[in-house]
Each structure stands twice: as structure tokens, then as C-alpha cells.
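Read through the structure below, which is laid out as C-alpha cells, and then see the notes.
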Amino acid sequence: MLRPIIVCLSLMFALSAPAWAQTNVNLGGIAVDTTAALEATADSLSVDQDTGQAIFIGNVVIVQGDLRLTADQVEVVYGTDTSQIDRLIATGNVTFVTAEEAAEAQNADYDITTGLLVLTGDVLLTQGPSAISAAKMTINVSDGTATMDGRVRTILQQGNN
């Protein structure tokens, strides 16, 4: 059974609505264990010992539990303890996939410490046959909730499709 995308449709159909909107989305199957190990693969890796910066380049795949993040490039941001990864900043052809949802965007900023994933640039979320798009989506992967901002558009499939 598909979990429906919960949207505030009145925002889409109000004649006086501004050119932007904010919609809350329930992503029931998107919760991720933020304490799980991260596995990264890429065509190349550039490391700067002085700054502690690491950048994965080309066909990047990051896996954490059921979460799979792919992009052209991913910068790893370390915390004060350089053995702890705090954030992943992905750019170019970003996809974010779990067992039940998939999202696409141009950029993503995944704060592992807070469990927040912010997707920007032509964001498209699909859940089964339903889809929703916006300029920005903020996902809390710890509790499976999300907020979409900026000209939200949706297609909701009814019934047992």
C-alpha cells in the first residue's frame, strides 16, 4: 500500500497565492539511522591534510543504512574531531533514494549530526506513482518528515495504482 503524500492543496489553487508556497510532506519510509556507518565510492578522492577537506569526485555513491545518495561531487565536512563526519555537501545530479521514496535535485546538504537533508534546485520527490516538486526540500531523516518550499507542484495518484 502506498503512503500518500500529504499536501496542503489549497495553496496550489488559491487565486491570490504568491509565486511560492510551503508544503509539509510525510515521508513515512524515509527514516534513516544517522549513527550507521557511511560507505563512499567515487572515481577519485582529493584530500587536503592542512584543511581536513575531502572531496569525492565523479559517480559518487554514499550509503548510510537504507539511504543512498549519489552525485557528481561530494565534499566531506569534518567536525572538531577530525574522525567524525558532520556534513556531506553534494553537487550536480543529486539523487536521494530509500526503499519507498526517491528525490532528485541539483544540490544537497546532509547534516549528519542533526539528521537534516536540504535539497535545492529543481527538487523532485516521487513516492510510488505520486510526485511533488519544489525549489527546496528539507528532510528530517531521523523522523521521516519534510518541508517543501518554493512553487510547490504535485501529482497525487488516487486508488490502488
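Couple of notes before you dig in:
- Flag if residue 143 is touching a residue at least 24 places away in the same chain (Cβ under 8 Å), over 27 Å from residue 54 (Cβ atoms) and surrounded by fewer than 17 Cβ atoms within 10 Å (Cβ to Cβ): yes
- Strands (runs of 3 or more DSSP E) fully within region 31-103 that include at least 3 residues being modelled with pLDDT of 80 or more and within 26 Å of residue 133 (Cα to Cα): 53-64, 67-78, 85-97.
- Subset of region 63-117 (residues that are within 16 Å of residue 43 (Cα to Cα) and either open to solvent by 10 Å² or more (accessible area, probe 1.4 Å) or of a type in the set (Gly, Ala, Ser) (or both)): 63, 70, 71, 72, 73, 75, 90, 91, 92, 93
- Tallying residues that are crowded, with 16+ Cβ neighbours inside 10 Å and free of Cβ contacts under 8 Å to residues at least 60 places away in the same chain within region 118-130 yields 6.
- Within region 137-152, the set of residues being assigned to a loop (DSSP other than H, G, I, E, B) and not small (Gly, Ala, Ser) comprises 141, 143, 151, 152.
The values are calculated or read from the model by the stated rules, or taken from the named source; none is laboratory data. Everything quoted here is computed from the prediction, not taken from an experiment. Cβ coordinates were reconstructed from backbone atoms using ideal geometry, including for glycine residues, and neighbour counts include every protein chain displayed. These area figures cover heavy atoms from the full protein model, side chains too; ligands, DNA and RNA do not enter into them. Shrake-Rupley method; radii C 1.70, N 1.55, O 1.52, S 1.80 Å.
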